[in-house]
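Here the structure is laid out as structure tokens; the discussion comes afterwards.
What follows draws every value from the coordinates through simple rules; no lab data is involved. This is a predicted model, so every value here is computed, not measured. Virtual Cβ from ideal backbone geometry, glycine too; neighbours counted across all protein chains shown.
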Amino acid sequence: MATDTENTDKAVKEEKKAPEVTAAAETSNEEPKKIRRSKKKTVTSGIVYINAGFNNTIVTIADEDGKTLCWSSSGASGFKGSKKSTPYASQMAAENAAEKAKSFGFEKADVYIKGVGTGREQALRGLISNGIEVLKIVDLTPVPHNGCRKPRARRN
């Protein structure tokens, strides 16, 4: 059997859960605020960064200020494992990134290539084949001046 104190405690808890409505809120004729969608910004020219590593290729497209618009990679394009490091996967990654950039009105780009992966040239061809005009190509591959020791050669 429930005691009187338990019943009153339950009633108090139920009262706390119910939202309070003030008289001013009921009488006001204000409409709920409409949420405005921001327009998609149009960028006609920008910068394309191609990072071609041994295992993957990442293509990033940015506006002239350096703010990223879109990106794609071999892995994001559906390739897994050792297939990510192929030139074809790099080309597909560049084409996917270029397609996304086209939705912003992207047409011209400066291309900065970094890395020594197999997909360097193919990624550049993928951009050109998708209709992006390349204004300049810069190689940013870091070259050591006899810094760190190279990794050992693989055994057969």
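Tabulated data for the structure shown
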read-out: Of K102/K150; K80/K150; K40/K83, pairs whose Cα-Cα distance is over 32 Å; value: K102/K150; K40/K83
read-out: Neighbourhood net charge (10 Å Cβ-Cβ; Lys/Arg +1, Asp/Glu -1) for T57; value: +2
read-out: Packing-based ranking, highest mean first, of 85-94, 64-73, 31-40 given that Cβ atoms within 10 Å are counted; value: 85-94, 64-73, 31-40
read-out: P(r) histogram, all alpha-carbon pairs of region 63-156 included - 10 Å bins from 0, percent; value: 15, 41, 29, 12, 3
read-out: Among 56-63, 75-82, the order from most to least packed when residues are scored by Cβ within 10 Å on average; value: 56-63, 75-82
read-out: Rough spin-label spacing in nm, given labels placed 7 Å along Cα→Cβ, for A153 and S45; value: 4.8 nm
read-out: Protection proxy ranking, peptides 139-147, 98-106, 111-119, average beta carbon neighbours within 10 Å, highest first; value: 111-119, 98-106, 139-147
